[in-house]
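Beneath this line is the structure, given in structure tokens, with notes to follow.
Read-outs: derived from the displayed coordinates by stated rules, not from any lab. In this text the structure is predicted, and so the values were computed from the model without any measurement. Cβ atoms come from the backbone with ideal geometry, glycine included; neighbour counts cover every protein chain shown.
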Amino acid sequence: MDNILNNQEQEEFWSLRYAEERTGWDIGYPSTPIKNYIDQLTEKSIKILIPGAGNAYEAEYLFNNGFHNVFVLDIAEAPLVALKKRIVEFPDTNLIQENFFEHQNEYDLILEQTFFCSFPPTPENRKLYAKKMYQLLKQNGKLVGLWFNFPMTSDMQKRPFGGNKEEYLSYFNKYFKVKVFEACYNSIKPRMGSELFGIFEKK
């Protein structure tokens with residue numbers, strides 16, 4: 001699981017997690033910090049990507065609140081099918097089964113919710129994540145979301161993978177202006193004290 005560009009390996013890994021219902025990250029609704037951020041957005045035509053979206057409750061919330069230019073990307077098919085069952089009107093063209101690191105498009109806003117913590121946390125992979133986010137955003141586009149703030153374990157198979165503010169900024173500072181990156185005050189109860197909320201604007 002070290003190669004994040006190995007599509008077959010990645011797809012098989014995540015598809016098995018869904019098939020076996022080993023989806024401990026799935027809280028069943030949009031996380032409070034991201035929901036609150038969405039609630040203050042006024043321009044509903046902006047183009048939004050949610051990568052590694054899983055069951056994509058944030059996308060469902062966006063779509064039901066008039067944001068119809070939202071795209072959901074996951075390497076596994078199961079969560080995309082689940083979202084389509086919940087929202088039959090969700091455009092098929094906006095459901096993307098693909099490896100994030102090979103995706104090509106441009107967005108005004110990318111929402112991060114448990115994706116960064118899901119792949120092998122080598123410095124090379126995390127640098128590639130920051131670079132890819134930069135490439136996928138339009139000029140002055142924003143990367144917004146949550147990053148886990150707890151020590152990394154030595155087990156490279158034990159997700160979610162953690163980190164800290166200083167480490168994350170070492171990857172992001174090259175590509176983004178940091179608008180906000182602080183301890184999250186409105187995390188859901190099980191994650192209180194273990195999340196950073198960030199707003200990064202493309203340089």
Expected unfolding gain across T42-N140 under the 0.36 nm per residue rule, minus the alpha-carbon gap, is 33.6 nm
Taking 37-43, 75-81, 89-95 and ranking on average Cβ neighbours within 10 Å, highest first, one gets 75-81, 89-95, 37-43
Residue span N65 to V180: 0.36 nm per residue of separation minus Cα-Cα distance leaves a gain in nm of 38.9 nm
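Working out 0.36 nm times the residue gap between H103 and Y29, then minus their Cα-Cα distance, what length gain in nm do you get to one decimal?
Net length gain for the segment: 24.1 nm.
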